Amino acid sequence: MPDPNPAPAGMVARPSGHGHQVNDRPWGAFVPDHLREGMAELEEAYTRGDDDDHPLGGYLVLLACYGGLVAGLGGLVAWRRPEVPATPAPGDLALLAVATHKLSRILTKDPVTSPLRAPFTRFERPTGKGEVAEQTRGAGLRHAIGELVTCPFCTAQWVATVLSASLVVAPRLTRRVAGVFCLTAGSDLLQLAYAKALGSVD
């Protein structure tokens, strides 16, 4: 019996028993069929038929984007040729660590930044303390981006990379901006301590 839902021309469909289809992958029609099939087989072997989506192709695209970001920032530093100390100052490391933590949580958990995540996520519930829980949606690259923008641990790598390069190119401005996020993080701790103190009094 012919397939009632044939794959589009140039696409290779999987049997219906599998959870993923090759034509859902982010590389689309720009990659030869045999490479798409190879990635799909690798993905199937990696997940062992699990229903959860593990879009290796999408992750590969994000890795390439991160590599491009690092290369671009490295080119900017080389073009500006600033005086770079042999080792970063401990105070700068502490400043950027706190700023990275706070900014990554704002990007991935804050309700105000949810419009940036909405194309890749679905709202689930508020979690309190000014944060929300979201679920990734879609498949392939869309799902991979959804995982990135809802994971503060994942996003922190990108934030730290940008802040580190910014510290080299524009140290004074970077310290000012990072200081704002450090103050916000400190305020968060005071707010939580205050709420806990009120609860213990009650």
Criterion: closer than 12 Å to Ser104 by Cβ and surrounded by fewer than 18 Cβ atoms within 10 Å (Cβ to Cβ) - qualifying residue of Ala118, Ala160, Ala133: Ala160
Some residue of the range 76-89 being modelled with pLDDT under 95, within 29 Å of Ser187 (Cβ to Cβ) and of a type outside the set (Val, Ile, Thr): yes
Identity of the residue in the range 94-115, surrounded by 13 or more Cβ atoms within 10 Å (Cβ to Cβ) and of a type in the set (A, V, I, L, M, F, W, C), that ends up farthest from Pro152 (Cα to Cα): Leu95
Any hit, the range 109-127, residues being touching a Ser or Thr at 6+ places or on another chain (Cβ under 7 Å), touching a residue at least 12 places away in the same chain (Cβ under 8 Å) and in a helix (DSSP H, G or I): yes
Where Ala144 falls short, out of the listed (1) surrounded by fewer than 18 Cβ atoms within 10 Å (Cβ to Cβ); (2) at pLDDT below 95: (1)
Near pairs, Cβ below 9 angstrom, 6+ apart or cross-chain, from the range 36-63 (more than 15 Å from Ala139 (Cβ to Cβ)) to any residue that is part of a helix (DSSP H, G or I) and modelled with pLDDT under 70: Glu37/Val22
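The values are calculated or read from the model by the stated rules, or taken from the named source; none is laboratory data. Quick caveat: nothing in here was measured; it's all calculated off a predicted structure. In this analysis, Cβ positions are derived from the backbone assuming ideal geometry, glycine residues included, and neighbour counts consider all displayed protein chains.
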